[in-house]
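The values are calculated or read from the model by the stated rules, or taken from the named source; none is laboratory data. Small disclaimer: the values here were computed from a predicted structure and weren't measured. We place every Cβ from the backbone using ideal geometry, glycine too, and count neighbours over all the protein chains shown.
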Amino acid sequence: MLRTIRLPLACAVALLVLPTVVHAQRASFRVGTATAAAGQKANGYIEVPAGTDAGTNIPVVVVNGATPGPVLALVTGAHGTEYVSIIAVEKLIGELDPAQLSGTVILVPLVNVLSFEQKVPHVNPIDNKSMNRFYPGKMDGTQTDRALFLITKEVVDRCDYLIDYHGGDLDESLRPYAYWGAVGKEAQDRVSKQMVLAFGLDHIIIWSERPTDPTATRYLDNTASVRGKPSIVVEAGYAGTVESDDVAMLVDGTLSTMRALKMIPGEPHYIENPVWLGKVVDIISDGPGIWYPAVKRGTYVQEGMVLGRVTDYFGNVLLEPRAPASGVILHVNAVPSLKKGDNIADIGVVAPKAP
């Protein structure tokens, strides 16, 4: 059992009522080849044409509500072996009822199709690029660049709000957490903060120093935020597992956020006193070896604490990495194999005060 400690940080944020926006009824809504009439659900693809390498088809679902409302984008599978987030959005495809929905939901359940099919962590095996590092994309680049350009055009530019889903990849033992960051626009920051609190994950990383150039936003949520769309990132699941509790955490959090946005009936369930994390510290391997962890995901460590050991292939200790700061283990390398540049662990450092 993991030892997880809740620190007594006060949220100190009043839950504010979202501004009232008048939305016209949409006769139909189209993303890629998926077109849904009002009160209907439709499947299709964002078709990425061939260029310097092969084309691909990214599955997309449009759930067009029976009554007017905002457009919410739910995007996952940028890393195709972060399975919990993919399964959670697949579950939402089945659960969302357009008859009960005000507005429209765009669901992209699997951005990185070949990563999923070939069980390749972190990158698109076609061009070896992460599909969450090259936004807003470009049509004269490799498959990843072209795919992200079309997601920006078809999904980001069409939505009012966005949730980006991630989790522990095959080699990452991760505890759940979310990301939130202010962009300096009071109304947008208020809404995105309400979204992350409604989602309900109890550890929230405060994004800072994000790219502000709309032509080089890198990340999906940052691309949406720079374009004025309140956005959050949520992460759950670890090391290739699909635990029902982790899936439920993402599904329930999404539905609570939709209630906060007045898209489905019911009241949201806001997290009280989340742990706000002011920064994340990476511990990186400086060479190959065999990794023996001494800590688990979700445990709190003190600065200088030994996190484990790295040996050579004869059992000789090469390194005993220590925590460079006190905080919570957000994720730790889940497999014995290491190469130079691999992430051994990430530590979330508690913010001095809640935002």
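Taking the numbered list (1) over 21 Å from Asp169 (Cα atoms); (2) surrounded by fewer than 20 Cβ atoms within 10 Å (Cβ to Cβ); (3) in contact (Cβ under 8 Å) with a residue 12 or more places away in the chain in turn, Leu261 passes all entries but (2). Of Gly69, Gly94, all but one fail to be of a type outside the set (Lys, Arg), more than 23 Å from His166 (Cβ to Cβ) and not in a loop (DSSP other than H, G, I, E, B); the exception is Gly69. For region 151-174, the count of residues that are more than 30 Å from Gly51 (Cα to Cα), among the β-branched types (Val, Ile, Thr) and either buried (at least 24 other Cβ atoms within 10 Å of the Cβ) or in contact (Cβ under 8 Å) with a residue 12 or more places away in the chain (or both) is zero. Annotation note: of Leu220, Leu110, the sole residue that is aliphatic (A, V, I, L, M), surrounded by 23 or more Cβ atoms within 10 Å (Cβ to Cβ), modelled with pLDDT of 95 or more and within 17 Å of the chain's Cα centre (by Cα) is Leu220.
Listed by position, the strands (runs of 3 or more DSSP E) enclosed by region 208-324 that each have at least 1 residues that are out of contact with any Gly (no Cβ under 7 Å at 6 or more places or on another chain) and among the charged types (D, E, K, R) are 275-284, 308-311. Here Val335, Val281, Val317, Val301 are screened, and the one residue that is more than 26 Å from Ala354 (Cβ to Cβ) and touching a residue at least 12 places away in the same chain (Cβ under 8 Å) is Val335.
Scanning region 100-122 turns up at least one residue that is under 15 Å from Asn57 (Cα atoms), among the hydrophobic types (A, V, I, L, M, F, W, C) and part of a loop (DSSP other than H, G, I, E, B).
May I ask you to verify whether Glu90 is surrounded by fewer than 24 Cβ atoms within 10 Å (Cβ to Cβ), in contact with a helix residue (DSSP H, G or I) (Cβ under 8 Å, 6 or more places away or on another chain), at pLDDT 95 or above and among the charged types (D, E, K, R)? Spelling it out, it is not the case that Glu90 is surrounded by fewer than 24 Cβ atoms within 10 Å (Cβ to Cβ), in contact with a helix residue (DSSP H, G or I) (Cβ under 8 Å, 6 or more places away or on another chain), at pLDDT 95 or above and among the charged types (D, E, K, R).
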